[in-house]
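Input: a single structure, listed below in C-alpha cells.
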Amino acid sequence: MSDPHRHHHAHHHRDHHDRSQDAHAHHDRSPAARWRRFAHLLAHRLTPHCHESADKLDPALEASAHGLRALWVSLAVLGATALAQAAVVVASGSVALLGDTVHNTADALTAVPLAIAFVLGRRAATRRFTYGYGRAEDLAGIVIVLTIAASAVFAAWTAVDRLLDPRPVAHVPAVAVAALAGFAGNEWVARHRIRVGREIGSAALVADGLHARTDGYTSLAVLLGAGGAALGWRLADPVVGLAITAAIVLVLRDAAREVFRRLMDAVDPALVDRAERVLGEVPGVRGVGELRLRWIGHRLRAEVALVVDGEATVREAHRIAVAAEHALLHAVPRLSAALVHADPAPCPGEADPHLALAHHAPA
C-alpha cells in the first residue's frame with residue numbers, strides 16, 4: 001500500500017536539481033542572477049520537504065556498487081594468476097595446468113556479465129519494466145553456468161587427448177609453482193566474493209565465489225600431477241586433468257541449482273517464518289493470510305495479506321499496513337519494499353469478500 005522508494009527518488013531528483021541550479025547561479029554574479037538565486041533559496045526554504053531520504057544512498061545502489069568493486073578486484077587478481085599460469089603452460093606443455101588455466105580464465109571472465117547485471121540493476125523502473133532490471137543478475141547467473149559447462153568440456157577433451165597421446169611434462173618445478181599461485185589467487189578471490197555476496201544478498205556472487213574456491217582445490221590437484229610427473233608417471237598429468245573435470249562438474253551442479261532456485265523465486269523458509277512472526281506482532285493485525293517473498297536481483301520484495309478489524313476505517317487499515325511494512329523492512333534483511341493488503345476479519349453470516357474473484361482462481 002506504500003512505496004517509500006518512489007518518494008526517495010522524487011526527493012533525490014529535486015535535491016539534485018536544486019544543487020544544479022545553485023551551482024549555475026554561483027557562476028553568474030549579475031544582479032538578475034543574484035535575485036533569481038535569492039528567490040529560489042526563499043522558495044526552497046518555504047516549501048515543505050525532507051532531506052532524510054535524499055541524503056542517504058539507496059541501499060540497493062550501494063549494494064550494487066559494492067558488488068561491482070568486488071568483481072573488478074577479483075577480475076584483476078584472477079587475470080594476473082591466469083596469465084602467469086599460461087606462460088608456464090606454454091613452456092611445460094602440462095595439460096592439467098592448461099585445464100586449470102582455462103578454468104581460472106573462465107572464472108575471471110564471469111565477472112563481466114555479472115558486472116553488466118549489477119549496472120543494469122541500478123537503473124530505475126520504467127512503465128515497461130515495472131519491477132526494474134534486477135532480474136538481469138539471474139540472467140548473468142545462466143551465463144556463468146554455461147561458462148562453467150564450457151570449461152568442463154574443454155578440460156575433459158584436453159585430458160582425454162593426452163591420455164591417448166601421452167607426452168612428458170617439462171619444467172615440473174615451474175608447474176608446481178604455478179599451481180600454488182593458482183590456489184592462492186583463487187582462495188583470496190573466493191573469500192572476497194563470498195563475503196561481499198553474503199553482505200549484499202547476491203546468490204550469483206556467492207556462487208561465483210564458491211566456484212573460485214573449487215578452482216583453488218583444482219590447482220592443488222595440478223600440484224599432485226606435477227609430483228607424479230616428477231616421479232616418472234607419464235599419465236599423472238592427464239589423470240589429474242580428468243579429476244579437474246570432475247571437480248568442475250560438481251561446481252556446475254551446485255551453481256546450476258542456485259541459479260535455478262533464483263529463477264523459480266525460491267527463498268529461505270526461515271525468512272518466511274520470521275516475516276510471519278513479525279507481522280503477527282504488529283498492533284492491529286489479527287492474522288496473517290497470504291505471504292510471498294521473491295528475489296529481484298539481490299533485493300527482496302514481499303506481498304502480504306493481513307487480517308484487520310472489520311470495523312476499522314480506511315485510514316486505520318492503512319496505518320496498520322504501513323506499520324506492517326515498516327516492521328518487515330527492519331526484520332527481513334535486504335527487503336526493499338512490501339505490498340500490504342488489509343482484509344476485514346470475517347463476521348458470522350457474512351459472505352466471503354473475495355467471492356467475486358473465486359472463478360478467476362487457477363484450478
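The values are calculated or read from the model by the stated rules, or taken from the named source; none is laboratory data. A quick note: this is a predicted structure, and the numbers were derived from the prediction, not measured. Neighbour counts run over all protein chains shown; Cβ positions are idealised from the backbone, glycine included.
Points to keep in mind about this one:
- Number of positions in segment 250-273 that are touching a helix residue (DSSP H, G or I) at 6+ places or on another chain (Cβ under 6 Å) and either acidic (Asp, Glu) or closer than 21 Å to residue 325 by Cα (or both): 1
- Qualifying residue in segment 282-302 (condition: assigned to a helix (DSSP H, G or I) and over 26 Å from the mean Cα position of the chain (by Cα)): no
- Among the candidates 201, 134, residue that is at pLDDT below 80 and under 30 Å from residue 339 (Cβ atoms): 201
- Inter-residue pairs, beta-carbon under 7 Å, first over 14 Å from residue 203 (Cα atoms) and in segment 138-154, second polar (S, T, N, Q) and crowded, with 24+ Cβ neighbours inside 10 Å, 6+ apart: 147/110
- Just one of (1) of a type outside the set (A, V, I, L, M); (2) closer than 20 Å to residue 80 by Cα; (3) crowded, with 18+ Cβ neighbours inside 10 Å fails for residue 118. It is (2).
- Pairs where the first residue, in segment 224-236, is buried (at least 20 other Cβ atoms within 10 Å of the Cβ) and the second is hydroxyl-bearing (Ser, Thr, Tyr), C-beta under 9 Å, 6+ apart: 225/94; 226/92; 226/94; 229/94
- Residue count, segment 153-171 (criterion: at pLDDT 80 or above and either of a type outside the set (A, V, I, L, M, F, W, C) or within 19 Å of residue 209 (Cα to Cα) (or both)): 0
- Test: residue in segment 148-163 that is more than 19 Å from residue 247 (Cα to Cα) and among the aliphatic types (A, V, I, L, M): no
- For segment 333-357, filtering for residues that are touching a residue at least 60 places away in the same chain (Cβ under 8 Å) and either outside the structural domain of residue 292 (by TED's automatic domain parsing) or assigned to a strand (DSSP E or B) (or both) leaves 6.
- Residues located in segment 246-294, provided they are small (Gly, Ala, Ser), farther than 26 Å from residue 134 by Cβ and assigned by TED's automatic domain parsing to the domain that holds residue 151: 246, 247
- On the stretch given as segment 119-132, residues that are under 15 Å from the mean Cα position of the chain (by Cα) and in contact (Cβ under 8 Å) with a residue 60 or more places away in the chain total 3.
- Of all the numbered requirements in (1) modelled with pLDDT under 95; (2) over 32 Å from the mean Cα position of the chain (by Cα); (3) assigned to a helix (DSSP H, G or I), residue 330 misses one, and that requirement is (2).
- Within segment 200-222, one or more residues are at positive phi and surrounded by fewer than 24 Cβ atoms within 10 Å (Cβ to Cβ).
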